[in-house]
Amino acid sequence: MNVHATTHDELAAEMGDSFDTNAMAQESTLLNPRFYTTDFDEMDRIDVSPVREEWDILIAQMKSDPNKGHFKKTADWDEVDWDGMDPKLKRELVDFLVSSCTAEFSGCVLYKEMKRRGNNKDICELFNYMARDEARHAGFINDALREAGVAVNLGFLTKAKKYTYFRPKFIYYATYISEKIGYARYITIYRHLEQNPEKRFHPIFKWFKEWCNDEFSHGEAFALLMRTDPKLTQSFTNKLWIKFFLTAVFATMYVRDHARPEFHKALGVDIDWYDQEVFRKTGEIAKQVFPMELDIDHPAWMPTLKKIERAFRKMEAAEKQGGVGGKLAKWSAMASAGMGFARLYVMPVKKSTPPASVRLEPAY
Amino acid sequence: MSLFTRKVEQVPCTVEVSHRFEALHAHVRFNDGSTIEPGDEVLVQGPPVLAGWGEVITEDRTAVITRANALERLWTRLTGDFEVMELCEFSFSEEITL
Ligand SMILES: [Fe+2]
Ligand SMILES: [Fe+2]
């Protein structure tokens, strides 16, 4: 998904009277989600009978909508001093909000599409609730963005969209990990700010606890889905895929988090510490369904992540430089990032056996 | 389906855009039950559907579906998976240096 900045005036001109003047938007951001298809027939064939008991409990919980009242602005939502904020921090905070909103929004689009196309009652019900949650999360972040003077433009619908294709199992692995890592990211920040309330420079962090419980349940649903077919987590090839996804997601997170030094400094969070903490929680949780855990305490783990991060920086610098020299520098940086990734990928994992009962409750 | 040529269909659709505090979403539904297959392209006709703050807009529009030809469909099925990491963009930004 790409976020493109359009000019404020452009949007105001297009929208005329309904333009969000109250938000005093100084800039606007066009949400531009990608659209996906998958093998919907295969998804229709999913039979949740082997996990029926746990499935029904989870769906009943989603149906009861425990967080319905949570996403409201209460007196706890204190005023943010946007004008007094260091411009670099503001930039990174806005980037954090925009990318979070985009992620929630694309989750909503994906889940809604799966609900629409499916014919399997259990699956449709699940995706319906998850789309509801993600739209709510996106709305909440959008409101925080309005306060920051950033308007979100949903005009993408009338632009041409090409639909790409993912195999269902790739959707399970990727979304399972991203829901669980989303939980771990939100709860780690929340717990940190509980200890260091003076570092809470924006009220949205106060909402992270109940919020991450939604993400946790979404992850639970994918864990149950994967349990309906043992091959998904036990076949030799699929184990390689799982290792690939875990490694790729962790490495990407490391690189991206390092793009926001001011944001983390303001929170009083050391990025390396934070990321390791998130990996540890995610890895521990993921043992509910994956038969392995990445060895993030391996002596080569951190140095290799750092190497990949440096390579990405060089890649970007080379791109800006341009010309033949820039190209060569970019290729060399890409090669070193690739080698770093390969190094992480061949690192031995810690094997584990998923427990008989898959369900977990948020425990951090 | 032809190997090389693309078929173009005009399909009635309903777009719904919610720009409210409670929910931010935008969806297209094809009223005749048309489904989208890998590699197809969809263009909703008319001016942008722009919901102001607090608004939900539901509108009937026409969508032009450009069907992928057999080669494109196969290609999308084979290569789409490479983009799967997009699904993991939880609170990530595209740029490395902001
Ligand atoms: Fe969410
Ligand atoms: Fe989620």
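The values are calculated or read from the model by the stated rules, or taken from the named source; none is laboratory data. It should be emphasised that the depicted structure is a prediction, and the values quoted were computed from it without experimental measurement. Don't worry about glycine lacking a Cβ; one is built from the backbone with ideal geometry, like all the others, and counts go over all protein chains shown. All accessible areas refer to the heavy atoms of the entire protein, side chains included, with ligands and DNA or RNA removed. Shrake-Rupley method; radii C 1.70, N 1.55, O 1.52, S 1.80 Å.
Annotations for the structure displayed:
- Remark: C-alpha extents of segment B:8-87 on the principal axes read 43, 31, 21 Å, sorted largest to smallest.
- Converting phi to 3J(HN,Hα) with the Karplus coefficients 6.51, -1.76 and 1.60 and the offset θ = phi - 60°, segment A:138-147 yields 4, x, 5, 5, 4, 5, 5, 5, 4, 4 Hz in sequence order, with x at every glycine or proline.
- Chain A, accessible surface, carbon-and-sulfur percent (1.4 angstrom probe): 53 percent
- Carbon and sulfur %, accessible surface of segment B:8-87 computed with the full protein complex present, 1.4 Å: 55 percent
- Across segment B:12-20, computed HN-Hα scalar couplings (Karplus, 6.51 cos²θ - 1.76 cosθ + 1.60, θ = phi - 60°) run x, 9, 10, 9, 10, 10, 10, 10, 10 Hz from first to last residue, x flagging Gly and Pro.
- Solvent-accessible surface of segment A:271-364, taken per residue with a 1.4 Å probe and all protein chains present: 53 Å².
- In the A-B interface, the accessible area buried, summed over both sides, Å² (probe 1.4 Å): 5700 Å²
- Three-way shape call for chain A based on the alpha-carbon gyration tensor, with the a/c threshold at 1.5: rounded
- Among the listed pairs A:Lys209/A:Lys281; A:Lys169/A:Lys287; A:Lys121/A:Lys162; A:Lys287/A:Lys307, those beyond 23 Å (Cα-Cα): A:Lys121/A:Lys162; A:Lys287/A:Lys307
- Size descriptors for segment A:235-289, from the alpha-carbon set: Rg then Dmax equal 13.6, 45 Å.
- When restricted to Cα atoms, segment A:155-250 yields an Rg and a Dmax of 17.3, 49 Å, respectively.
- Å² per residue, accessible surface of segment B:8-87 at 1.4 Å: 44 Å²
- Using θ = phi - 60° and Karplus 6.51 cos²θ - 1.76 cosθ + 1.60, couplings along segment A:47-56 (whole Hz; Gly, Pro as x): 10, 7, 3, x, 10, 3, 4, 5, 4, 4
- Mean separation of Cα contacts under 8 Å, 6 or more apart, over the residue count of segment B:8-87: relative contact order %: 39 percent
- Given 15 as the ceiling on other Cβ atoms within 10 Å, longest exposed-site-free region of chain A for trypsin sites (Lys or Arg not before Pro) in DSSP loops: A:160-364
- With Cα atoms defining each centre, segment A:128-199 and segment A:60-92 are spaced 13 Å apart in the structure.
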